[in-house]
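**Q** Here's a structure for you.
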Amino acid sequence: MAFHEIRFPATLSFGSLGGPERRTEIVTLANGFEERNTPWAQARRRYDAGLGLRSLDDVEVLIAFFEARQGRLHGFRWKDWADFKTGRASRAITPLDQSLGYGDGVTRDFQLTKTYRSGDWAATRVLTKPVTGTLRVAIGGTEQPEGLAWQVDPATGIVSFDAPPGVGAEVTMGCEFDVPVRFDTDLVQVSVASFQAGDVPKVPVIEVRQ
(Lines give C-alpha, C1' and ligand atoms only; values in the text may rest on other atoms or scores of the structure.)
Protein backbone atom coordinates (compact mmCIF):
# COMPACT_ATOMS: atom_id res chain seq x y z
CA MET A 1 0.00 0.00 0.00
CA ALA A 2 1.32 3.44 -0.91
CA PHE A 3 0.27 6.97 -1.67
CA HIS A 4 0.98 8.38 -5.13
CA GLU A 5 1.67 12.12 -5.03
CA ILE A 6 -0.38 12.77 -8.15
CA ARG A 7 -3.63 14.68 -8.48
CA PHE A 8 -6.72 13.20 -10.07
CA PRO A 9 -7.31 15.31 -13.23
CA ALA A 10 -8.96 18.50 -12.00
CA THR A 11 -11.00 18.77 -15.18
CA LEU A 12 -12.68 15.49 -14.24
CA SER A 13 -13.18 16.25 -10.53
CA PHE A 14 -14.92 19.50 -11.50
CA GLY A 15 -18.64 18.75 -11.42
CA SER A 16 -18.26 15.75 -9.12
CA LEU A 17 -20.59 15.24 -6.17
CA GLY A 18 -19.29 14.97 -2.63
CA GLY A 19 -18.31 16.57 0.64
CA PRO A 20 -17.64 15.96 4.34
CA GLU A 21 -19.17 13.05 6.21
CA ARG A 22 -19.48 12.75 9.99
CA ARG A 23 -20.21 9.68 12.07
CA THR A 24 -22.61 10.24 14.95
CA GLU A 25 -23.77 7.49 17.29
CA ILE A 26 -27.24 8.19 18.71
CA VAL A 27 -28.87 6.28 21.55
CA THR A 28 -32.54 7.00 22.26
CA LEU A 29 -33.32 6.49 25.95
CA ALA A 30 -36.55 5.07 27.32
CA ASN A 31 -37.75 8.55 28.24
CA GLY A 32 -37.29 9.79 24.66
CA PHE A 33 -34.16 11.80 25.33
CA GLU A 34 -31.05 11.18 23.23
CA GLU A 35 -27.39 10.65 23.93
CA ARG A 36 -25.13 11.59 21.02
CA ASN A 37 -21.45 10.86 20.60
CA THR A 38 -18.90 10.61 17.80
CA PRO A 39 -15.76 8.46 17.49
CA TRP A 40 -14.40 10.79 14.78
CA ALA A 41 -12.46 13.94 15.66
CA GLN A 42 -12.57 15.06 12.02
CA ALA A 43 -14.91 14.60 9.08
CA ARG A 44 -14.14 12.17 6.28
CA ARG A 45 -14.89 13.23 2.74
CA ARG A 46 -16.55 11.19 -0.03
CA TYR A 47 -16.92 11.98 -3.72
CA ASP A 48 -18.25 10.46 -6.94
CA ALA A 49 -15.69 10.89 -9.71
CA GLY A 50 -18.09 9.55 -12.35
CA LEU A 51 -20.19 12.71 -12.42
CA GLY A 52 -17.29 14.73 -13.85
CA LEU A 53 -17.07 12.62 -17.01
CA ARG A 54 -18.31 14.38 -20.13
CA SER A 55 -16.87 12.43 -23.06
CA LEU A 56 -15.38 9.07 -23.97
CA ASP A 57 -11.96 10.73 -23.87
CA ASP A 58 -12.65 11.49 -20.19
CA VAL A 59 -13.51 7.83 -19.65
CA GLU A 60 -10.15 6.81 -21.12
CA VAL A 61 -8.34 9.20 -18.78
CA LEU A 62 -10.29 7.82 -15.80
CA ILE A 63 -9.53 4.21 -16.67
CA ALA A 64 -5.82 4.95 -17.11
CA PHE A 65 -5.72 6.72 -13.74
CA PHE A 66 -7.69 3.90 -12.09
CA GLU A 67 -5.37 1.22 -13.49
CA ALA A 68 -2.25 3.11 -12.43
CA ARG A 69 -3.58 3.28 -8.87
CA GLN A 70 -4.53 -0.43 -9.03
CA GLY A 71 -8.07 0.26 -7.89
CA ARG A 72 -8.29 0.80 -4.14
CA LEU A 73 -4.64 -0.08 -3.49
CA HIS A 74 -2.93 3.30 -3.84
CA GLY A 75 -4.05 6.71 -2.69
CA PHE A 76 -3.84 9.95 -4.64
CA ARG A 77 -4.63 13.67 -4.45
CA TRP A 78 -8.07 15.08 -5.14
CA LYS A 79 -9.13 18.70 -5.71
CA ASP A 80 -12.35 19.46 -3.87
CA TRP A 81 -13.68 22.37 -5.90
CA ALA A 82 -16.02 23.37 -3.07
CA ASP A 83 -13.21 23.57 -0.48
CA PHE A 84 -9.61 23.87 -1.71
CA LYS A 85 -8.38 27.16 -0.22
CA THR A 86 -7.60 28.29 3.30
CA GLY A 87 -9.51 31.54 2.83
CA ARG A 88 -12.74 32.45 1.08
CA ALA A 89 -13.17 30.97 -2.39
CA SER A 90 -13.66 34.44 -3.92
CA ARG A 91 -10.48 35.89 -2.42
CA ALA A 92 -6.79 35.53 -3.18
CA ILE A 93 -4.63 33.52 -0.79
CA THR A 94 -2.84 35.54 1.88
CA PRO A 95 -0.27 34.49 4.52
CA LEU A 96 -2.79 35.54 7.20
CA ASP A 97 -5.62 33.17 6.23
CA GLN A 98 -5.18 30.66 9.06
CA SER A 99 -3.45 30.65 12.43
CA LEU A 100 -1.17 27.70 13.20
CA GLY A 101 -0.39 28.74 16.76
CA TYR A 102 2.17 30.82 18.59
CA GLY A 103 5.92 30.49 18.85
CA ASP A 104 7.57 29.37 22.08
CA GLY A 105 11.16 29.96 21.03
CA VAL A 106 11.77 26.23 20.68
CA THR A 107 9.23 24.66 18.29
CA ARG A 108 10.26 24.69 14.64
CA ASP A 109 7.60 22.44 13.07
CA PHE A 110 3.96 23.44 12.60
CA GLN A 111 1.20 21.34 11.03
CA LEU A 112 -0.96 23.06 8.42
CA THR A 113 -4.59 23.31 9.50
CA LYS A 114 -7.84 25.00 8.51
CA THR A 115 -10.41 26.13 11.07
CA TYR A 116 -14.12 26.22 10.22
CA ARG A 117 -16.12 28.65 12.37
CA SER A 118 -19.84 29.07 12.89
CA GLY A 119 -20.98 31.32 15.71
CA ASP A 120 -19.13 30.46 18.92
CA TRP A 121 -18.13 27.00 17.65
CA ALA A 122 -15.22 25.87 15.50
CA ALA A 123 -13.73 22.69 14.04
CA THR A 124 -10.09 22.36 13.00
CA ARG A 125 -9.02 20.21 10.05
CA VAL A 126 -5.50 18.92 9.48
CA LEU A 127 -4.17 19.69 5.99
CA THR A 128 -1.60 17.19 4.73
CA LYS A 129 -1.50 17.96 1.00
CA PRO A 130 -0.66 21.61 0.25
CA VAL A 131 -0.47 22.44 -3.45
CA THR A 132 3.11 23.16 -4.47
CA GLY A 133 3.83 26.83 -5.05
CA THR A 134 0.72 28.17 -3.30
CA LEU A 135 1.79 28.21 0.36
CA ARG A 136 2.50 31.56 2.02
CA VAL A 137 3.69 31.80 5.63
CA ALA A 138 3.99 34.68 8.07
CA ILE A 139 5.31 35.20 11.61
CA GLY A 140 3.81 38.03 13.59
CA GLY A 141 2.10 39.33 10.45
CA THR A 142 5.31 39.52 8.40
CA GLU A 143 5.55 37.16 5.45
CA GLN A 144 8.57 34.85 5.49
CA PRO A 145 10.41 33.73 2.32
CA GLU A 146 10.21 30.06 1.41
CA GLY A 147 13.57 28.34 1.22
CA LEU A 148 15.25 30.98 3.36
CA ALA A 149 13.07 30.96 6.49
CA TRP A 150 10.98 27.81 6.09
CA GLN A 151 10.29 24.68 4.06
CA VAL A 152 7.19 22.51 3.79
CA ASP A 153 6.83 18.78 3.31
CA PRO A 154 4.19 18.50 0.53
CA ALA A 155 3.40 14.92 1.62
CA THR A 156 2.58 15.74 5.26
CA GLY A 157 1.77 19.46 5.39
CA ILE A 158 4.37 20.16 8.08
CA VAL A 159 6.10 23.55 7.89
CA SER A 160 9.64 23.59 9.29
CA PHE A 161 11.31 26.88 10.20
CA ASP A 162 15.06 27.34 10.05
CA ALA A 163 14.82 29.27 13.33
CA PRO A 164 11.99 28.76 15.82
CA PRO A 165 9.43 31.59 15.91
CA GLY A 166 9.86 33.86 18.91
CA VAL A 167 7.82 33.53 22.09
CA GLY A 168 4.27 34.78 21.52
CA ALA A 169 4.73 35.36 17.77
CA GLU A 170 1.68 34.15 15.85
CA VAL A 171 2.39 31.76 12.97
CA THR A 172 -0.09 32.10 10.10
CA MET A 173 -0.39 30.77 6.58
CA GLY A 174 -2.52 30.49 3.45
CA CYS A 175 -2.51 27.98 0.60
CA GLU A 176 -4.45 25.78 -1.75
CA PHE A 177 -4.69 22.14 -0.68
CA ASP A 178 -5.75 18.73 -1.96
CA VAL A 179 -7.55 15.90 -0.20
CA PRO A 180 -5.74 12.53 0.20
CA VAL A 181 -8.12 9.92 -1.19
CA ARG A 182 -8.39 6.48 -2.77
CA PHE A 183 -10.93 4.81 -5.00
CA ASP A 184 -13.63 3.11 -2.96
CA THR A 185 -14.20 0.42 -5.57
CA ASP A 186 -12.13 -2.13 -7.46
CA LEU A 187 -14.56 -2.12 -10.37
CA VAL A 188 -15.33 0.55 -12.97
CA GLN A 189 -18.18 -0.39 -15.30
CA VAL A 190 -18.70 1.71 -18.41
CA SER A 191 -21.14 1.10 -21.25
CA VAL A 192 -20.31 3.12 -24.33
CA ALA A 193 -23.94 3.06 -25.46
CA SER A 194 -25.35 4.19 -22.12
CA PHE A 195 -22.61 6.78 -21.67
CA GLN A 196 -23.44 8.40 -25.00
CA ALA A 197 -27.08 8.43 -23.90
CA GLY A 198 -26.19 10.45 -20.82
CA ASP A 199 -25.64 7.73 -18.22
CA VAL A 200 -22.32 7.98 -16.33
CA PRO A 201 -20.64 5.32 -14.18
CA LYS A 202 -20.43 5.56 -10.41
CA VAL A 203 -16.82 5.93 -9.31
CA PRO A 204 -16.76 6.42 -5.52
CA VAL A 205 -13.72 8.11 -3.95
CA ILE A 206 -13.09 8.32 -0.20
CA GLU A 207 -10.65 10.30 1.94
CA VAL A 208 -7.84 8.38 3.60
CA ARG A 209 -6.32 9.09 7.01
CA GLN A 210 -2.60 9.80 7.05
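The values are calculated or read from the model by the stated rules, or taken from the named source; none is laboratory data. Keep in mind that what you see is a predicted model, and the values were worked out from it rather than measured. With ideal geometry, Cβ positions are generated from the backbone for all residues, glycine too; neighbour counts draw on all protein chains shown. The area values use the complete protein model at the heavy-atom level, side chains included, leaving out ligands, DNA and RNA. Shrake-Rupley method; radii C 1.70, N 1.55, O 1.52, S 1.80 Å.
**Q** Where a ≥ b ≥ c are the square roots of the eigenvalues of the C-alpha gyration tensor, would you call segment 1-111 rounded, which needs a/c under 1.5, or, failing that, prolate if a/b is larger than b/c, or oblate?
**A** Details: a/c = 1.90, a/b = 1.20, b/c = 1.58.
Taking the square roots of the gyration eigenvalues as a ≥ b ≥ c, segment 1-111 is oblate.
**Q** Let me ask something else. In 10 Å bins starting at 0, how do the alpha-carbon pair distances of segment 83-166 split up by percent?
**A** 16, 52, 28, 4
**Q** Report relative contact order for segment 118-165 in percent, whole number only (criteria: Cα-Cα under 8 Å, sequence separation at least 6).
**A** On the way: 41 pairs, mean separation 16.3, N = 48.
So the answer I get is 34 percent.
**Q** Related question: Tell me, what is the FRET efficiency for residue 142 and residue 108 to the nearest 0.05, using R0 = 22 angstrom and their Cβ-Cβ distance as r?
**A** 0.80
**Q** Helix-only mean residue ellipticity at 222 nm, the chain, DSSP H runs n ≥ 4 weighted -39,500 (n - 2.57), per residue, nearest 500. What is it? Each step should come with its number before you reach the end.
**A** Working: 3 runs with 22 residues, N = 210.
Using -39500 (n - 2.57) per qualifying helix, the result is -2500 deg cm²/dmol.
**Q** How much of the accessible area of segment 1-111, probe 1.4 Å, is carbon plus sulfur, in whole percent? Walk me through the intermediate numbers first.
**A** Working: 3630 of 6880 Å².
On segment 1-111, the fraction of accessible area on carbon and sulfur atoms equals 53 percent.
**Q** Take residue 83 and residue 25, extend 7 Å from each Cα along the Cα→Cβ direction, and tell me the distance between the two endpoints in nm.
**A** That separation, rounded to one decimal, is 2.3 nm.
**Q** Also, I was wondering about something else. Restricting to the chain, compute how many DSSP beta bridges are antiparallel as a %, nearest 5. The partial results should precede the final answer.
**A** Values: 44 of 48 bridges.
Just about 90 percent of them are antiparallel.
**Q** Another one. Amide H of residue 80 versus every other amide H placed in the peptide plane: which residues, excluding those fewer than 5 positions away on the same chain, fall under 5 Å?
**A** Correct list: 179.
**Q** A further question follows. Quick one: angle between helix 56-68 and the longest Cα principal axis of the chain, in degrees between 0 and 90, rounded to 10, please.
**A** 60 degrees
**Q** Could I ask something else about it? Looking at the chain, which longest stretch skips every one of the trypsin sites (Lys or Arg not before Pro) that is in a DSSP loop with at most 10 other Cβ atoms within 10 Å, leaving the sites themselves out?
**A** Working: sites that count: 22, 23, 88, 91, 209.
Of all site-free stretches, the longest is 92-208.
**Q** Something else about it: What is the sum of charges around residue 19, taking Lys and Arg as +1, Asp and Glu as -1, for the other residues whose C-beta is under 9 Å from the C-beta of residue 19? Let's see the in-between values first.
**A** Working: positive: 45, 46; negative: 21, 80, 83.
That sum, taken over residues with Cβ under 9 Å, equals -1.
**Q** When we measure straight from the Cα of residue 129, which lysines land under 19 angstrom away, once same-chain ones fewer than 8 places off are left out?
**A** 79, 85, 114
**Q** Seen from all sides and averaged, what is the projected area of the convex hull of the Cα atoms in segment 66-121, in nm²? List each step's numbers first, then the result.
**A** Numbers: hull surface 29.2 nm².
Averaged projected area of segment 66-121's Cα convex hull equals 7.3 nm².
**Q** Per the Cauchy relation, a quarter of the hull surface: what is the mean projected area of the convex hull of the alpha carbons in the chain, in nm²?
**A** Average of the hull's projected areas for the chain equals 16.2 nm².
**Q** In Å³ and rounded to a whole number, note down the convex hull volume per residue for the Cα atoms of segment 121-210. Before the final figure, lay out the partial values.
**A** On the way: hull volume 15.8 nm³, N = 90.
Looking at segment 121-210, the number lands at 175 Å³ per residue.
**Q** Report relative contact order for segment 1-71 in percent, whole number only (criteria: Cα-Cα under 8 Å, sequence separation at least 6). It would help to have the intermediate numbers written out before the result.
**A** Values: 63 pairs, mean separation 24.7, N = 71.
Once normalised by length, the contact order is 35 percent.
**Q** Could you give the longest part of the chain that holds none of the chymotrypsin sites (Phe, Trp or Tyr not before Pro) found in DSSP loops with at most 16 neighbouring Cβ atoms within 10 Å?
**A** 82-210
**Q** I've got another one for you. Report the extension gain between residue 99 and residue 115 in nm, rounded to one decimal, defined as 0.36 nm multiplied by the number of residues separating them, less their alpha carbon distance.
**A** Working: separation 16, 0.36 × 16 = 5.76 nm, distance 0.84 nm.
My answer for the length gained is 4.9 nm.
**Q** Also: Given contacts defined as C-alpha pairs under 8 Å and at least six residues apart, what's the relative contact order of segment 85-177, whole-number percent? Kindly include the intermediate steps, with their values, before the conclusion.
**A** Numbers: 216 pairs, mean separation 40.9, N = 93.
Over segment 85-177, the number comes to 44 percent.
**Q** Return one whole number: the accessible area per residue of the chain in Å², for a 1.4 Å probe.
**A** Values: 11850 Å² over 210 residues.
Per residue, the chain has an accessible area of 56 Å².
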